[in-house]
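What follows draws every value from the coordinates through simple rules; no lab data is involved. Just so we're clear, the structure is a prediction, and the values are computed from it rather than from any experiment. Here Cβ is always computed from backbone atoms with ideal geometry, including for glycine, and neighbour counts include all displayed protein chains.
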Amino acid sequence: MTTVKVYDVPGEWANRAFLNDDTYQAMYHRSVTDPNGFWGEQARRIDWFKPFTKVKNTSYDPHNVSIKWFEDGTTNVAHNCIDRHLATRGDQVAIIWEGDDPKDDRKITYKELHAEVSRFANVLKARGVKKGDRVTIYLPMIPEAAVAMLACARIGAVHSVVFGGFSPDSLAGRIEDAKSSVVITADEGLRGGRKVPLKANADAAATRAGGVDTIVVVRRTNAAVPMQAGRDVYYDEIAKTVSADCPCEEMGAEDPLFILYTSGSTGRPKGVLHTTGGYLVYTSITHQYVFDYHDGDIYWCTADVGWVTGHSYIVYGPLANGATTLMFEGVPNYPSNSRFWEVIDKHKVNIFYTAPTAIRALMQAGDAPVKKTSRESLRLLGSVGEPINPEAWEWYHRVVGDDRCPIVDTWWQTETGGILITPLPGATKLKPGSATRPFFGVVPQIVDPAGNPIEGPCEGSLCIADSWPGQMRTVYGDHERFVQTYFSTYVGRYFTGDGCRRDEDGYYWITGRVDDVINVAGHRLGTAEVESALVAHPKVSEAAVVGYPHDIKGQGIYAYVTLMSGQQPSEELRAELVAWVRKEIGPIASPDVIQFAPGLPKTRSGKIMRRILRKIAENEFGNLGDTSTLADPTVVDDLVNNRQASQ
Ligand code: PRX
């Protein structure tokens with residue numbers, strides 16, 4: 001076995017960090033032995049309108065899965081992220097916005113954010129939005145995205161943010177599922193110098209979904225877009241007609257805050273529902289301790305607000321803590337591969353949080369684009385979204401962080417609301433590639449296939465033994481699916497869908513998904529979604545999709561496609577199918593490889609054996625396992641021969 005290099009906590013961190021190893025251990029112990037005491041105290045980090053008297057009330061019993069935290073307290077998320085900071089930090093910058101073009105930027109103080117969010121909230125009210133209504137947000141990375149989210153929170157509307165890279169069809173599915181009659185979008189988005197036709201997509205989605213009576217359009221590029229009278233309004237025009245004063249709605253701790261759709265192993269994306277009190281307490285505490293955020297720090301998370309990382313660690317966690325949070329509209333390689341590092345120098349960023357796929361892509365461009373920048377403001381680096389391979393970790397540490405900055409490799413999920421397994425920079429020795437140890441209140445369990453927890457060093461499926469305040473509460477509109485997906489595989493525990501190893505020091509190493517979910521460049525996709533897009537093409541009869549190792553994206557999309565009889569494989573058809581999937585789901589779902597397959601390996605009962613398809617995609621032909629149960633074992637030989645012939 002290769003020896004793992006261990007990085008000690010740097011000396012200066014021992015002095016400045018909120019927590020060292022002793023305080024971590026003590027707080028962790030308390031958090032899991034006395035969750036009511038621990039979280040009851042931690043919940044005071046936010047303002048409550050009416051204090052709670054109960055802390056934890058949760059059950060993982062599959063007959064009665066129910067998760068409630070602070071249930072009789074009332075509060076408001078926008079109040080906590082904005083209003084309560086006005087007295088002490090009204091003139092402090094809340095959001096630094098860095099545009100796609102390096103010449104475009106904006107700084108928004110807490111006072112300005114307060115006025116803008118109140119105005120946006122009044123716009124929504126003017127269009128009839130009430131507490132509990134669902135509002136779909138389909139915006140690029142502009143400040144109005146955060147403003148619109150907070151405006152919903154202010155009036156108790158439930159936002160559903162849809163990533164701007166999703167297609168009209170994907171957007172329509174989410175609008176329909178949430179029964180949302182209001183959509184907020186922009187004329188166009190701008191990324192890497194290219195325009196994204198957001199309003200046109202929203203129009204197409206609204207036509208398909210039905211029930212949309214308002215589209216609020218934020219001007220970004222000022223492109224002329226069709227506006228449907230009565231339904232469509234420009235934000236800047238309607239904003240002038242409303243006041244900048246809007247009181248915060250009093251919300252129960254368990255009132256919904258947002259829905260965020262995420263892919264699972266079966267069926268359509270699920271609407272992950274997060275609520276008010278527990279989510280805010282959890283994102284606030286994790287943002288403070290994981291990033292060791294101190295007043296005055298400049299913090300930058302490069303995610304898009306269309307993903308959970310953007311919700312929890314661009315908007316809610318940082319703003320709850322009165323932080324200065326940077327929002328970036330662009331991409332890492334535009335106008336050049338130095339862009340991230342130039343933004344860090346320009347805004348004197350202290351804490352930088354990004355995804356392994358970006359690190360790997362930039363690593364391929366060499367050290368020079370990094371080394372020509374100073375990065376002296378940097379103190380801490382973070383990673384999220386997929387396993388980070390040790391080579392990329394070392395490069396991030398040595399080249400980006402000049403061997404000076406700890407890296408927090410944070411493991412979590414849309415469902416978990418916030419970070420669950422992570423180093424704390426002043427407390428945890430680091431091992432490249434390991435997410436290290438659990439955060440407060442989190443009890444990871446590694447279980448064997450029979451569902452028995454395994455002690456000590458081991459490998460298996462990762463479960464969490466008990467609830468934490470940031471946990472999702474249900475699948476919107478389908479509680480049974482919530483129970484089935486997360487609490488029925490291993491009864492009495494939350495099943496994450498990830499595989500995991502625990503080493504002799506109790507450190508956790510996430511090995512990737514064990515279900516039919518793939519993680520492509522940090523974006524989560526269900527193989528079933530890509531398959532149903534492919535089979536919707538008139539020339540396709542059957543499709544099976546698997547992940548395979550990809551140098552930059554972590555996993556790539558490998559699609560086996562069986563054509564309708566009479567159809568011939570061709571390069572043109574291959575390109576047509578890739579374009580088709582982009583149109584159906586969005587560019588993130590474009591297959592990297594399409595292998596035309598006259599037949600797929602199926603059991604006699606007709607189930608596709610993906611295990612074999614995965615091995616072929618990984619080029620592991622000598623290791624295909626037992627193929628004797630297949631209805632037609634010769635199918636496998638054909639697939640292998642074709643795969644080899646194509647290389
Ligand atoms: O497989 C894990 C991987 O991303 C999945 C969750 O994806 P999503 O809900 O889109 O949320 C991504 C951002 C939180 C997990 O089940 N994952 C996330 N972070 C890590 C990770 N895998 C390894 N290491 C991580 N740090």
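At an R0 of 35 angstrom, the distance between the Cβ atoms of Asp295 and Thr53 translates into a FRET efficiency of 0.65. Centre-to-centre separation between the Cα atoms of the range 386-419 and those of the range 611-638: 35 Å. Among beta bridges identified by DSSP and lying wholly in the chain, the antiparallel ones come to about 60 percent. Amide H contacts of Leu257: His274, Thr275, Thr276, each under 5 Å away and 5 or more positions distant or on a separate chain (H built 1.01 Å from N in the peptide plane; Pro and chain starts excluded). Here the spin labels are modelled as points 7 Å beyond Cα on the Cα-Cβ line, and at Lys125 and Thr603 they lie 5.8 nm apart.
Placing a pseudo-label 7 Å from each Cα along the Cα-to-Cβ vector at Asp236 and Thr266 gives an inter-label distance of 5.0 nm. Comparing the range 3-109 with the 2.2 N^0.38 Å rule of thumb, its C-alpha radius of gyration ratio is 1.57 (two decimals). A simple count of charges around Val6, restricted to other residues whose Cβ falls under 10 Å of its Cβ and scoring Lys, Arg +1 and Asp, Glu -1, yields +1.
Among His479, His397, His63, His523, a tally of other beta-carbon atoms within 10 Å of each Cβ gives an order, fewest to most, of His63, His479, His397, His523.
If you count, for each residue, the other Cβ atoms within 10 Å and average over each peptide, how do 10-18, 293-301, 259-267, 161-169 line up from highest to lowest?
Ranked from most to least packed, the peptides come out as 161-169, 259-267, 293-301, 10-18.
In this structure the amide hydrogen of Gly189, modeled in the peptide plane, comes within under 5 Å of the amide hydrogens of Val196, Leu198, none closer than 5 places in sequence on its chain. For the range 566-581, the Karplus equation 6.51 cos²θ - 1.76 cosθ + 1.60, evaluated at θ = phi - 60°, returns couplings of x, 8, 9, x, 7, 5, 4, 5, 4, 4, 5, 5, 4, 4, 4, 5 Hz by residue, with Gly and Pro reported as x. In this simple spin-label model, placing a label point 7 Å from the Cα along the Cα-to-Cβ direction at both Ser374 and Glu455 gives a separation of 5.5 nm.
The 3J(HN,Hα) values that the Karplus relation (6.51, -1.76, 1.60; θ = phi - 60°) gives for the range 514-525 are, in residue order, 10, 10, 8, 10, 10, 10, 9, 6, x, 9, 8, 9 Hz. Gly and Pro appear as x. log₁₀ I(q)/I(0) of the range 481-558 at q = 0.12, 0.22, 0.25 Å⁻¹, via Debye over equal Cα point scatterers, no solvent, to two decimals? These q points yield log10 I(q)/I(0) values of -0.48, -1.08, -1.14. The share of Cα pairs per 10 Å bin across the range 521-642, counted from zero up to the longest distance, runs 13, 46, 34, 7 percent. Here the 3J(HN,Hα) profile of the range 363-370, calculated from phi with Karplus coefficients 6.51, -1.76 and 1.60 at θ = phi - 60°, is 4, 5, 7, x, 7, 4, x, 7 Hz, Gly and Pro shown as x. Once the chain from His29 to Asn642 is taken as fully extended at 0.36 nm per residue, the excess over their C-alpha distance is 215.1 nm.
Once Rg and the Kirkwood radius are both taken over the C-alpha atoms of the chain, their ratio Rg/Rh works out to 0.95.
Normalising the Debye intensity of the range 109-252 to I(0), with uniform scatterers on Cα atoms only, and taking log10 at q = 0.12, 0.17, 0.21 Å⁻¹ returns -0.43, -0.88, -1.35. Counting Lys and Arg as +1 and Asp and Glu as -1 over every other residue whose Cβ lies under 12 Å from the Cβ of Ser565, the net charge comes to 0. Stretching Thr511 away from His479 to a fully extended chain increases their span by 8.7 nm, per 0.36 nm per residue minus the current alpha-carbon distance. The residues packed around Glu584, meaning those with a beta-carbon under 15 Å from its beta-carbon, carry a net charge of +2 if Lys and Arg are +1 and Asp and Glu are -1. For Val540, nonlocal amide neighbours, meaning residues 5 or more places apart or on other chains whose placed amide H falls under 5 Å from its own, are Met564. For an R0 of 22 angstrom, estimate the FRET efficiency from the Cβ-Cβ distance between Ala204 and Lys539 and round to the nearest 0.05. E(calc), rounded to 0.05, equals 0.40.
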